[in-house]
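Q: One structure is given below, represented as structure tokens, and several questions about it will come after.
The values are calculated or read from the model by the stated rules, or taken from the named source; none is laboratory data. Because the structure is predicted, anything quoted here is derived from the model rather than measured. Counting neighbours? That spans all protein chains shown, and the Cβs are built from the backbone with ideal geometry, glycine included. Just the protein is used for accessible areas: all its heavy atoms, side chains included, with ligands, DNA and RNA removed. Shrake-Rupley method; radii C 1.70, N 1.55, O 1.52, S 1.80 Å.
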Amino acid sequence: MSLPLARLSVPARPDQPLVGDLRLALSRVHEFCGPARVALAAILMGRMAGPVLWVCPGWQPERLYPDGLAPFADPGRLVMARARRVEDLLWAAEEGLRSGAAPLVVADLPEPPALTPVRRLHLAAEAGTEAARHANRPPVMGVLLTPAAGGAPGVESRWQMAPLPAPSRLLEQGSRWHLARLRARMDPVAAWEVSQTGAGRFDLSPCPAPDGTG
């Protein structure tokens with residue numbers, strides 16, 4: 001007589017709210033792309049607590065503007081690091097994740113990295129979460145900011161965000177964006193409209209899903 005096999009249950013990975021009911025896996029590395037990728041990272045920053053390590057290219061003139069960040073998150077939580085080379089950007093992000101000192105590490109990259117650096121970042125995030133646990137700190141997570149449609153191989157998920165025009169020329173309070181989940185290990189491709197309704201407050205409504213997984 002054969003006995004039925006017990007179904008193994010895989011424990012859910014801890015996650016972090018992004019906007020609405022959308023969530024990101026902790027101890028992993030995600031990719032934000034598109035023209036509003038910095039705004040999406042700022043929204044995520046506002047949903048998290050603790051310091052944020054933001055690594056940016058030292059050779060580019062663009063800077064984060066604290067007054068522009070304030071409607072999303074407290075700019076006083078930022079620890080900025082400027083790198084001279086792309087390799088230094090990835091090294092600083094990896095070391096920041098591995099330390100477990102900052103729950104969120106953001107790397108602003110000029111182009112998507114290769115698979116090997118992404119794998120190293122995942123391992124660093126897992127090691128950083130373990131280090132944070134011993135220090136009674138929250139788990140860590142990495143975000144790669146990449147231009148256009150992104151394309152970093154091996155990321156846990158890829159999200160693209162772009163601004164939408166104001167619904168009325170007479171009343172232009174708040175901001176609106178189109179947010180698309182282009183890739184995720186456990187979730188399908190999907191899209192939403194994100195509307196800012198106040199400081200740190202956002203509404204989410206579904207849109208037609210984009211074609212392909214990116």
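Q: Find the residue count for the range 93-118, including only residues that are assigned to a helix (DSSP H, G or I) and either open to solvent by less than 20 Å² (accessible area, probe 1.4 Å) or within 16 Å of Met141 (Cβ to Cβ) (or both).
A: Of the residues in that region, 8 qualify.
Q: To continue, here is another question. Tell me, which residue of the range 188-199 that is modelled with pLDDT under 90 and open to solvent by 40 Å² or more (accessible area, probe 1.4 Å) is farthest from the chain's Cα centre (by Cα)?
A: Checked the range 188-199; the qualifying residue farthest from the chain's Cα centre (by Cα) is Thr197.
Q: Tell me, yes or no, whether the range 49-70 has at least one residue that is closer than 21 Å to His122 by Cβ, out of contact with any helix residue (DSSP H, G or I) (no Cβ under 6 Å at 6 or more places or on another chain) and surrounded by fewer than 19 Cβ atoms within 10 Å (Cβ to Cβ).
A: yes
Q: Now a separate question. Could you pull out the residue among Gly58, Gly76, Gly46 that is at pLDDT below 95, within 15 Å of the chain's Cα centre (by Cα) and over 22 Å from Pro210 (Cβ atoms)?
A: Every option except Gly46 fails the conditions.
Q: Oh, and also: Return only the number of the condition from (1) assigned to a loop (DSSP other than H, G, I, E, B); (2) open to solvent by less than 30 Å² (accessible area, probe 1.4 Å) that Ile43 does not satisfy.
A: Answer for Ile43: the failing condition is (1).
Q: Then there's this: I'm checking my understanding of the structure. Among residues of the range 144-174 that are surrounded by fewer than 17 Cβ atoms within 10 Å (Cβ to Cβ) and of a type in the set (Gly, Ala, Ser), which one is modelled with the lowest pLDDT?
A: If we take residues in the range 144-174 being surrounded by fewer than 17 Cβ atoms within 10 Å (Cβ to Cβ) and of a type in the set (Gly, Ala, Ser), then Ser168 is modelled with the lowest pLDDT.
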